[in-house]
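The values are calculated or read from the model by the stated rules, or taken from the named source; none is laboratory data. All figures in this text were calculated on a predicted structure; none of them were measured in a lab. Cβ placement follows ideal geometry from the backbone for every residue including glycine, while neighbour counts extend to all protein chains displayed. Please note that ligands, DNA and RNA were not included when accessible areas were found on the heavy atoms of the full protein model with its side chains. Shrake-Rupley method; radii C 1.70, N 1.55, O 1.52, S 1.80 Å.
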Amino acid sequence: MRSQNPRRLLIGGNWKMNLLSRQARDYCQAFVSGWEGFSTEVVLFVSSPLLPAVAESLASGPIGLGGQDLHPESKGAFTGDVSGPQLADAGCSWVLCGHSERRRDHGESDRLVGRKAAAAVSNSLTPLICVGETEEERERQETFSVLKRQLETALESRPEPFALAYEPVWAIGTGRSATPEMAQQAHQHLRETLADLLGDEAAATKRILYGGSANPENAAALISQPDIDGFLVGGASLDPERFLAMIRCCG
Ligand code: PGA
């Protein structure tokens, strides 16, 4: 367990497009009964149709609820989208913005991600803003410039509060996690960019999560890095025991 970090650790479980409501209820039951009074903040990011079942199962407990995306407008003719007010109404206090699967599959631009982050905070949702380079960008040594561009644009409206997730695209769902050293370098760069944009004090308080094949086996080494403040977990969050093992690792 890591005790040096001055920031409260944060772990998000990103279920992506998985589980049905019955399975989600069973998951929550197992998860809540395995909960050990952790000090880490934990949020489950679930698809919209599961929100009522999960909100009910987690009611008044310590585990937070988040949506996986939102539309920048608060209502209107946007078939298939979900709004910030709808997420808040369903019990969410968090929302993912700019996950790489949204950027890749739905053509989300940096600018749109910024508008979504602004919409989140104006609906009392904390955006967990996701950034990360592709494999080609890393090979071309563009990792730092891509992260800087993504972050600067996402923060143009100065959303507050927010948290960040560094998710190298090549590590997501591949079993090829970044090494602790690679992740620390990227996180440090993000924190330095935050300092340039928002000042040293704000940068020191912002949580930057690592995501991309994080699991109970590599969590301890990753969380021991000074600028890694938790995880955004896909695959390993689908099994409550494995997800709890990662939380245990953070304390
Ligand atoms: P993964 O997904 O843990 O399955 O790699 C992480 C994410 O996409 O948030």
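Check cross-link reach from Lys206 to the lysines: straight Cα distance under 29 Å, and skip same-chain residues fewer than eight apart.
Candidates past the 8-residue exclusion: Lys16, Lys116, Lys148.
Put +1 on the Cβ of every Lys and Arg and -1 on every Asp and Glu Cβ in segment 10-250; which of Val46, Phe78, Leu164 then has its Cα farthest towards the positive end of the dipole?
In segment 10-250, that residue is Phe78.
Taking segment 137-193, which GluC sites (Glu not before Pro) meet the DSSP loop condition and have no more than 12 other C-beta atoms within 10 Å? Don't jump to the answer; show the numbers that get you there.
On the way: sites: Glu137, Glu139, Glu142, Glu152, Glu156, Glu181, Glu192; in loops: Glu142, Glu156.
Of the GluC sites (Glu not before Pro), not one in the loops of segment 137-193 has a Cβ with at most 12 other Cβ atoms within 10 Å.
Just to confirm the filter: which trypsin sites (Lys or Arg not before Pro) across segment 146-220 are DSSP coil and have at most 16 other Cβ within 10 angstrom of their Cβ? Intermediate values should be presented prior to the final figure.
Values: sites: Lys148, Arg149, Arg176, Arg191, Lys206, Arg207; in loops: Arg176, Lys206, Arg207.
Hits after loop and neighbour filter: Arg176.
Ile11's amide H: which non-local residues (gap 5+, or another chain) put their own amide H closer than 5 Å, with H modeled 1.01 Å from N in plane and none for Pro or chain starts?
Residues meeting the amide H criterion: Glu41, Val42, Val43, Phe231.
Taking only protein heavy atoms into account and a 1.4 Å probe, give the accessible area per residue of segment 10-250 in Å².
Working: 10260 Å² over 241 residues.
I get 43 Å² per residue for this part.
Roll a 1.4 angstrom probe over the protein heavy atoms and tell me the percent of accessible area of the chain that is carbon or sulfur.
Working: 5430 of 11050 Å².
Ligands and nucleic acids excluded, carbon and sulfur reach 49 percent.
Calculate, in nm to one decimal, what Arg8 and Met182 gain on full extension: separation in residues at 0.36 nm each, minus their alpha carbon distance. Walk me through the numbers before you get to the answer.
Details: separation 174, 0.36 × 174 = 62.64 nm, distance 2.22 nm.
Difference between extended and current length: 60.4 nm.
What is the packing order of peptides 209-218, 16-25, taking the mean over residues of other C-beta atoms within 10 Å and listing the highest first?
Values: 209-218: 23.0, 16-25: 14.8.
By packing density, highest mean first, the sequence is 209-218, 16-25.
With +1 on each Lys and Arg Cβ and -1 on each Asp and Glu Cβ, how big is the dipole of segment 10-250 about its Cα centre, in debye rounded to the nearest 20?
In total the dipole reaches around 420 debye.
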